[in-house]
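> Sharing a structure here in structure tokens format.
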Amino acid sequence: MVRVRLYLKKFYRLRGFTLIELIIVLGISVLIFPLLYSLLGMSLKTLNTSNRNDLIFNDTYFTFNYIADEINSADYIVEDCKRNSLGFAIVNCKNEKGYRYVYYVFDGKRIARKAVNIDRKFDINVDSVGTFGTNTLINNVKNVSCTIKENLIKLNIVVFSGNYEREFEKIIAIRTF
């Protein structure tokens, strides 16, 4: 009986932890876990900021390239003095009788593409006639400026997201005006 008791004491002493060891491990854990939590929080904040910046860049890149592609494929580019317009309209000849006018407007928060199909060339009042369509190119726009000089169109777009804003600029060469 004494042998069994000694064997059991030896067995439990080798396999268990003392109270002091557990308290030390808990104390170290109390120091390490908040550090890991704050590192995770900073990583998530960095990831969200990076995603927001990528989204803004991609939306702006798409908008600039879309407008540039339409300018490059235009048959004519005419001045457009409509309210909120970027200052130019793109004219494409659809067939012998039809024309498509495309212009871009800034309505305070977004840049929209407006297109109208009409049968008259260079009609200044294209809003009132024809088949009309609107597409939003980019949202969360704070400001847009467009400068047309000689054979260049210079677009500046300021985009915001929350308290973050960024300005982008693109210069587009015009092959016809």
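> What pairs in K45/K170; K45/K154; K109/K154; K114/K142; K82/K170; K94/K142 have C-alpha atoms more than 25 Å from each other?
Over 25 Å Cα-Cα: K45/K170; K45/K154; K94/K142.
> How much length is gained on full extension from K142 to C81, taking 0.36 nm per residue of separation minus their Cα-Cα distance?
That pair, K142 and C81, stretches by 19.9 nm at full extension.
> Here is a further query. In the range 25-117, which GluC sites (Glu not before Pro) are in a loop and have at most 13 other Cβ atoms within 10 Å, using DSSP for the loop call?
When the GluC sites (Glu not before Pro) of the range 25-117 are filtered for loop state and at most 13 Cβ neighbours within 10 Å, E96 remain.
> First measure r as the distance between the Cβ atoms of L152 and D54, then evaluate 1/(1 + (r/R0)^6) with R0 = 35 Å and state the FRET efficiency to the nearest 0.05. Before the final figure, lay out the partial values.
Details: r = 29 Å, r/R0 = 0.82.
It comes to 0.75.
> Work out the length of the dipole vector of the range 49-173 about its Cα centre, built from +1 on the beta-carbon of each Lys and Arg and -1 on the beta-carbon of each Asp and Glu, and round it to the nearest 20 debye.
220 debye
> Exactly which trypsin sites (Lys or Arg not before Pro) in the range 13-58 are in a DSSP loop and have at most 16 other Cβ atoms within 10 Å?
In loop regions of the range 13-58 (DSSP not H, G, I, E or B), there are no sparsely surrounded trypsin sites (Lys or Arg not before Pro).
> Still on this structure: With r defined as the distance between the Cβ atoms of K170 and K45 and R0 fixed at 25 Å, what FRET efficiency is calculated, to the nearest 0.05?
0.25
> Kirkwood hydrodynamic radius, the range 49-173, all distinct C-alpha pairs: what's the number in Å?
15.2 Å
Each reported figure results from applying straightforward, stated rules to the coordinates on display, with no laboratory input. Predicted model, so just to flag it, every value in this text is computed and none were measured. Positions of Cβ are backbone-derived with ideal geometry, glycine not excepted, and every protein chain shown enters the neighbour counts.
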